[in-house]
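Notes follow the structure.
The values are calculated or read from the model by the stated rules, or taken from the named source; none is laboratory data. Because the structure is predicted, anything quoted here is derived from the model rather than measured. Heads up, the Cβs are rebuilt from the backbone with ideal geometry, glycines too, and the neighbour counts pull from every protein chain shown.
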């Protein structure tokens, strides 16, 4: 069975002191998470080192929100996978809808990031999902299929064991809207089938998170679906009690 992973994407929130405080609170409650559930916190780049020290010795894992697919060079403002690995990062969020929308990242560019992260022994959380107009046009499956096939191009079956997928219907992120459990699971089933087509049985073991406004009041129903193996949590990850409520919902 795929591992259940609940990852908190803190986005561009929390100053240093607030990040340390939140990480401390997450560590304190982490022991109450459901058995077999892995918790991951993803603060901004500048706070990774401090948060790492807070979670050291706990079961909470450290994640980053992005990286650039080169080890070094003239890429002002970017952070490489090797830099993240050196400070203990285990997971890296890639292809988030906000990166696609605001920074115009293509599937092909994100694919380079996926391979870069894997090459440095970290686990990409690869995000896919459709816009509201794409769902209304009935092309959700087409969009997600293209994102999976292009974004995971040339990833081997062995490498796929370290890949996490996050399905995030863009219209349900930060809007208060949420796909019904059945709507979400339908796309998760599509993703599962695509992964199996790409890498065979290894695709059956990949964690597929739901990333569209999962909250304490809907987490249990979402996580009960056959192919929803966790969550990529935004707003609800900024409060330790809400994050725990999701982490203990399965």
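Brief remarks follow.
- Candidates are the residues of the range 55-70 that are under 26 Å from residue 36 (Cα atoms) and out of contact with any helix residue (DSSP H, G or I) (no Cβ under 7 Å at 6 or more places or on another chain); the one that is surrounded by the fewest Cβ atoms within 10 Å (Cβ to Cβ) is 57.
- You will find that of 40, 92, the residue that is within 18 Å of the chain's Cα centre (by Cα), more than 24 Å from residue 17 (Cβ to Cβ) and part of a strand (DSSP E or B) is 92 and no other.
- In the range 110-137, the residue that is nearest to residue 81 (Cα to Cα) out of those that are part of a helix (DSSP H, G or I) and free of Cβ contacts under 8 Å to residues at least 12 places away in the same chain is 134.
- In the set (1) at pLDDT below 95; (2) in a helix (DSSP H, G or I); (3) more than 27 Å from residue 153 (Cα to Cα), the condition left unmet by residue 183 is number (3).
- Candidate set: the range 224-243, residues that are in contact (Cβ under 8 Å) with a residue 60 or more places away in the chain and buried (at least 23 other Cβ atoms within 10 Å of the Cβ); chosen: the one farthest from residue 13 (Cα to Cα): 229
- Filter result (over 27 Å from residue 126 (Cβ atoms) and either within 18 Å of the chain's Cα centre (by Cα) or part of a helix (DSSP H, G or I) (or both)) within the range 1-26: 16, 17, 18, 20, 21, 24, 25
- Residue list for the range 95-105, restricted to those being in contact with a helix residue (DSSP H, G or I) (Cβ under 8 Å, 6 or more places away or on another chain), touching a residue at least 24 places away in the same chain (Cβ under 8 Å) and in a loop (DSSP other than H, G, I, E, B): 95
- Residues of the range 192-213 classified as at pLDDT below 95 and touching a helix residue (DSSP H, G or I) at 6+ places or on another chain (Cβ under 6 Å), total: 2
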